[in-house]
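J.: First the structure, which I've put down as structure tokens, then a few questions once you've had a look.
The values are calculated or read from the model by the stated rules, or taken from the named source; none is laboratory data. Note that the coordinates shown come from a computational prediction; the quantities given were computed from them, not determined experimentally. Cβ sites come from the backbone with ideal geometry, for glycine too, and all protein chains shown count toward neighbours. Heads up: the accessible areas ignore ligands, DNA and RNA and are worked out on the full protein's heavy atoms, side chains in. Shrake-Rupley method; radii C 1.70, N 1.55, O 1.52, S 1.80 Å.
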Amino acid sequence: HRPNQTCRPFIVKRNPVVGRYLVAARDILPLETVLCEEPLCVGPSRERQSVCVECLQPVQDVETGTRCAGCRLPLCSAQCADRERHKVECQEFRRRGWTAGDDPDRIGALMEALTTIRMVLKKKSMRKLQEEEFIEDLFDLSQGNGDIADIDDKVMSEVWDIFGNDLEPAEFRACYNQLFINGKSLGEGISPGSALYLVFSIMNHSCVANTSVVITKDAEIQVKAQQLIKQGEEITTRCLDPTELATYNSGLACTVPGC
């Protein structure tokens with residue numbers, strides 16, 4: 001509620017049915033900013049699209065296009081080669097002697113795994129830097145209800161080739177599932193990728209949400225109130241997943257007035 005002594009207009013609560021959720025700590029006015037949050041990690045979506053691993057812009061021809069000199073993953077241009085988003089995993093890949101080579105299946109498998117790898121490495125870095133201050137509850141995110149398909153064997157094989165015993169398969173699967181459920185699409189017109197926002201992920205879905213969401217070109221998420229949100233009222237968002245988190249509840253008639 002008070003990071004860096006700044007009072008946010010919400011608090012986190014928990015109940016056994018929905019887990020964590022946000023409620024207004026005070027009255028929040030229409031159009032007032034509820035939350036601005038940078039992503040924990042940003043990366044390609046799981047669909048194995050050919051994109052630049054730095055800026056996520058589409059890459060037309062991976063085989064003949066620009067590639068990272070260190071790990072051979074695709075880039076859109078040489079300008080993206082030394083930027084921050086790809087640097088951490090690239091250093092890790094090179095330290096371990098791994099390169100993507102020219103096999104499109106290997107590149108595709110790694111592209112599917114890349115955002116999860118970034119999440120795993122970010123958590124590892126946070127634990128190392130913060131030690132006793134690291135709050136495991138931040139990553140108490142939903143992993144679904146057994147409705148997520150198993151990770152492709154080729155993906156797990158590639159990850160194992162890179163990290164070996166330094167990465168627990170259960171940790172990778174947990175992060176993969178959490179991204180599947182909680183990852184936010186960056187949307188059309190920005191880039192074909194997704195991002196994970198730890199605080200935004202706490203917000204529950206409502207067919208008639210009381211907030212709206214904008215994602216900036218820098219992948220920051222901004223949440224604004226669409227109406228007056230009274231103190232103690234839950235702060236909600238609308239999930240745009242047409243399958244309703246793989247439940248297909250969107251095929252049922254909603255009883256909420258105006259939905």
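J.: Just to verify a result, which residue in the range 49-67, among those that are surrounded by 18 or more Cβ atoms within 10 Å (Cβ to Cβ) and under 18 Å from SER185 (Cβ atoms), is modelled with the lowest pLDDT?
T.: In this case the residue turns out to be SER50.
J.: Please go through the range 139-152 and give me each residue that is of a type outside the set (Asp, Glu) and either assigned to a loop (DSSP other than H, G, I, E, B) or at pLDDT below 70 (or both), ordered by number.
T.: The initial filter retains those residues of the range 139-152 that are of a type outside the set (Asp, Glu), namely 139, 141-146, 148-149, 151.
LEU141, SER142, GLN143, GLY144, ASN145, GLY146, ILE148, ALA149, ILE151, listed by residue number.
J.: List the number of the failed condition for VAL17; all other conditions in (1) at pLDDT below 90; (2) surrounded by 12 or more Cβ atoms within 10 Å (Cβ to Cβ); (3) β-branched (Val, Ile, Thr) hold.
T.: All conditions pass for VAL17, except number (2).
J.: Still on this structure, please answer the following. Show the residue pairs meeting these rules: Cβ distance below 8 Å; 6+ apart or different chains; first residue within the range 104-133 and under 15 Å from ASP161 (Cα atoms); second residue among the β-branched types (Val, Ile, Thr) and open to solvent by 20 Å² or more (accessible area, probe 1.4 Å).
T.: Pairs that qualify, where the first residue is under 15 Å from ASP161 (Cα atoms) and the partner is among the β-branched types (Val, Ile, Thr) and open to solvent by 20 Å² or more (accessible area, probe 1.4 Å), are ILE107/VAL62.
J.: Looking only at residues that are buried (at least 20 other Cβ atoms within 10 Å of the Cβ) and either part of a strand (DSSP E or B) or not hydroxyl-bearing (Ser, Thr, Tyr) (or both) in the range 201-220, which one is farthest from the chain's Cα centre (by Cα)?
T.: The qualifying residue farthest from the chain's Cα centre (by Cα) is ASN210.
J.: How many of the residues making up the range 20-37 are among the basic types (Lys, Arg), within 25 Å of LEU186 (Cα to Cα) and either surrounded by fewer than 14 Cβ atoms within 10 Å (Cβ to Cβ) or at pLDDT 95 or above (or both)?
T.: Qualifying residue count for the region: 0.
J.: On to the next question. Residues that are closer than 20 Å to GLU32 by Cα, touching a helix residue (DSSP H, G or I) at 6+ places or on another chain (Cβ under 8 Å), at pLDDT 90 or above and buried (at least 20 other Cβ atoms within 10 Å of the Cβ): does the range 153-160 have at least one? I'd like the intermediate steps shown before the answer.
T.: Narrowing the range 153-160 to residues closer than 20 Å to GLU32 by Cα: none.
No: zero hits.
J.: Moving to a separate point now. Condition check: open to solvent by less than 80 Å² (accessible area, probe 1.4 Å), over 17 Å from SER201 (Cα atoms) and at pLDDT below 95. Does LEU40 satisfy that?
T.: no
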